[in-house]
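Novice: Following this message is one structure expressed as structure tokens.
The values are calculated or read from the model by the stated rules, or taken from the named source; none is laboratory data. Treat the numbers as computed from the prediction; the structure is a model and nothing was measured. Here the Cβ positions follow ideal geometry from the backbone for every residue, glycine too, while neighbour counts run over all protein chains shown.
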Amino acid sequence: MFETLSERLSGALERLTRQGALTEADVATALREVRVALLEADVSLPVARDFAKAVQEKATGQAVTKSITPGQQVVKIVHDELVRVLGGDGEGIGRLKVDTPPAPVLMVGLQGSGKTTTTAKLAKRLSEKEGKRVLMASLDTRRPAAMEQLAVLGRQVGVDTLPIVAGQDAVAIAKRAKQQAALGGYDVYMLDTAGRLHVDDELMAEVAAVRDATGPHETLLVVDGLTGQDAVNVAEQFDGRVGISGVILTRMDGDGRGGAALSMRAVTGKPIKFVGLGEKMDAIEEFDAQRVAGRILG
Ligand code: GDP
């Protein structure tokens, strides 16, 4: 996902580390390259600009040009800044607020983003890694195939799904899931809401009604990481209309440029909690800013 960015950044910074003494002009040139590399990775313009500015200020403030290993200092500053823009020290990342049973988790996102797959992946993880009893329910009343898909995945990962009852609307299904979760002694119930091709009023109203009926402890937006700045726009819209507690970026195994990951936190203020890395049910990882920054800088 970050190959090109990684190559470009390493290239720009390597020139600095090979030099002995650095002038401020050397640092400025490298930072221009850093900014271009970020923009090419589809990072939003204000984020790329702030990034370069922050590095420049820190580099100047720490009198990098006078230090013994100036290039390495700049690399460290860029690394720390990457960690910050990716979401900081990761407090709460990878951990979901599901401690008070039955904890509702609302899964939202556009159609095709990987929402149903991700719901099943997370359910498997919660059940296997945290020993939670999980119930999943599909609220996609317009697409019976999507409901069936969740049931199939549920059987595959050994997680229960709410029996499908024809003719119920999304809120009725959500209430039934809540009741079933309480009666059945489940720790968590996950609601896989319907998606659409674009954000529209009807979709947002439905998701908001489900939210109001269940009071989710987590509202997780699933977005396709390959869509770059579009993913960030979708996140802003969902957050504005229904409120989200975190983001899951899918298809991070693909050859996207990584811009979504780098802009998401800075633009929306919401943490990326997990990333999807393939179609298999184990292909999900918690998002760790330190690790990703390390990977980007090689
Ligand atoms: P939904 O419409 O949002 O529920 O999307 P689905 O869960 O049905 O996923 C759409 C397609 O994307 C399926 O073929 C999934 O296997 C695939 N998919 C989901 N997450 C990932 C991922 O992280 N990486 C890859 N490569 N494919 C994914």
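Novice: Being at pLDDT 90 or above, surrounded by 14 or more Cβ atoms within 10 Å (Cβ to Cβ) and of a type outside the set (D, E, K, R): is that true of V64 here?
Specialist: no
Novice: Related question: Just checking, how many residues over the stretch 139-150 are surrounded by 17 or more Cβ atoms within 10 Å (Cβ to Cβ) and either within 13 Å of the ligand (Cβ to nearest atom) or among the small types (G, A, S) (or both)? Let's see the steps before the verdict.
Specialist: Taking the stretch 139-150 as the starting set, the residues that turn out to be surrounded by 17 or more Cβ atoms within 10 Å (Cβ to Cβ) are 139-141, 146-147, 149-150.
Then keep just the ones that are either within 13 Å of the ligand (Cβ to nearest atom) or among the small types (G, A, S) (or both); that gives 139-140, 146-147, 149-150.
Of the residues in that region, 6 qualify.
Novice: Tell me, which strands (runs of 3 or more DSSP E) wholly within the stretch 159-259 include 3 or more residues that are of a type outside the set (V, I, T)? Outline the logic, then answer.
Specialist: Values: elements: 188-192, 218-224, 246-250.
The strands (runs of 3 or more DSSP E) meeting that bar are 188-192, 218-224.
Novice: Give K97, K115 a once-over and let me know the one that is of a type in the set (K, R), modelled with pLDDT of 95 or more and within 23 Å of the chain's Cα centre (by Cα).
Specialist: One residue alone meets the criteria, K115.
Novice: Looking for something among the basic types (K, R), away from the ligand (no atom under 16 Å from the Cβ) and in a loop (DSSP other than H, G, I, E, B) - is there at least one such residue anywhere in the stretch 62-83? Spell out the reasoning first.
Specialist: The initial filter retains those residues of the stretch 62-83 that are among the basic types (K, R), namely 66, 76.
Of the ones still in play, those that are also away from the ligand (no atom under 16 Å from the Cβ) are 66, 76.
In the following step, the residues that additionally are in a loop (DSSP other than H, G, I, E, B) were identified as none.
For the stretch 62-83, residues among the basic types (K, R), away from the ligand (no atom under 16 Å from the Cβ) and in a loop (DSSP other than H, G, I, E, B): absent.
Novice: Further question: Being at pLDDT 95 or above, touching a Lys or Arg at 6+ places or on another chain (Cβ under 8 Å) and surrounded by 18 or more Cβ atoms within 10 Å (Cβ to Cβ): is that true of V108 here? Write out each step before concluding.
Specialist: Working: at pLDDT 95 or above: yes; touching a Lys or Arg at 6+ places or on another chain (Cβ under 8 Å): yes; surrounded by 18 or more Cβ atoms within 10 Å (Cβ to Cβ): yes.
In short, yes.
Novice: Could you list all residues from the stretch 107-137 that are outside any helix (DSSP H, G or I), in contact (Cβ under 8 Å) with a residue 12 or more places away in the chain and more than 9 Å from the ligand (Cβ to nearest atom)? Don't jump to the end; show me each part of the working.
Specialist: Going residue by residue through the stretch 107-137, those that are outside any helix (DSSP H, G or I) are 107-114, 131-137.
Pick out the ones that are also in contact (Cβ under 8 Å) with a residue 12 or more places away in the chain and you get 107-114, 132-137.
Correct list: V108, K132, R133, V134, L135, M136, A137.
Novice: I would also like to ask the following. Please identify the pairs in which a residue from the stretch 195-222 that is under 15 Å from P102 (Cα atoms) has its Cβ atom under 6 Å from the Cβ atom of a residue that is in a helix (DSSP H, G or I) and more than 15 Å from the ligand (Cβ to nearest atom), counting only partners at least 6 apart or on another chain.
Specialist: A213/V171; A213/A174; A213/K175; T214/A174; T214/K178
Novice: Then there's this: Do the conditions hold for A283, that is, is it within 15 Å of the ligand (Cβ to nearest atom) and buried (at least 22 other Cβ atoms within 10 Å of the Cβ)? Before the answer, list the steps.
Specialist: Details: within 15 Å of the ligand (Cβ to nearest atom): yes; buried (at least 22 other Cβ atoms within 10 Å of the Cβ): no.
Judged against the criteria, A283 is not a match.
Novice: Can you work out which of the residues in the stretch 151-200 that are in contact with a Pro (Cβ under 6 Å, 6 or more places away or on another chain) and crowded, with 19+ Cβ neighbours inside 10 Å is nearest to L106 (Cα to Cα)? Give the steps one after another, and end with the answer.
Specialist: Pass one, the stretch 151-200, residues in contact with a Pro (Cβ under 6 Å, 6 or more places away or on another chain): 181-182, 186-187, 189.
This time we only want the ones that are crowded, with 19+ Cβ neighbours inside 10 Å, so: 181, 186-187, 189.
On the way: A181: 14, Y186: 15, D187: 14, Y189: 9 Å.
Going through the qualifying residues, I end up with Y189.
Novice: Consider the stretch 244-260. How many of its residues are modelled with pLDDT under 95 and within 13 Å of the ligand (Cβ to nearest atom)?
Specialist: Residues meeting the conditions: 6.
Novice: Does K53 satisfy being under 30 Å from G184 (Cα atoms) and among the basic types (K, R)? Even if it seems obvious, please write down each step before you answer.
Specialist: Working: under 30 Å from G184 (Cα atoms): no; among the basic types (K, R): yes.
So K53 fails the test.
Novice: Do the conditions hold for A123, that is, is it within 28 Å of A235 (Cα to Cα) and either of a type outside the set (G, A, S) or in contact with a Ser or Thr (Cβ under 6 Å, 6 or more places away or on another chain) (or both)? Give the derivation first.
Specialist: Values: within 28 Å of A235 (Cα to Cα): yes; either of a type outside the set (G, A, S) or in contact with a Ser or Thr (Cβ under 6 Å, 6 or more places away or on another chain) (or both): no.
Criteria not met by A123.
Novice: Next up: Just to be sure before I move on: is L86 surrounded by fewer than 13 Cβ atoms within 10 Å (Cβ to Cβ) and within 25 Å of G254 (Cβ to Cβ) in the structure I sent?
Specialist: Details: surrounded by fewer than 13 Cβ atoms within 10 Å (Cβ to Cβ): no; within 25 Å of G254 (Cβ to Cβ): yes.
So L86 does not fit the description; no.
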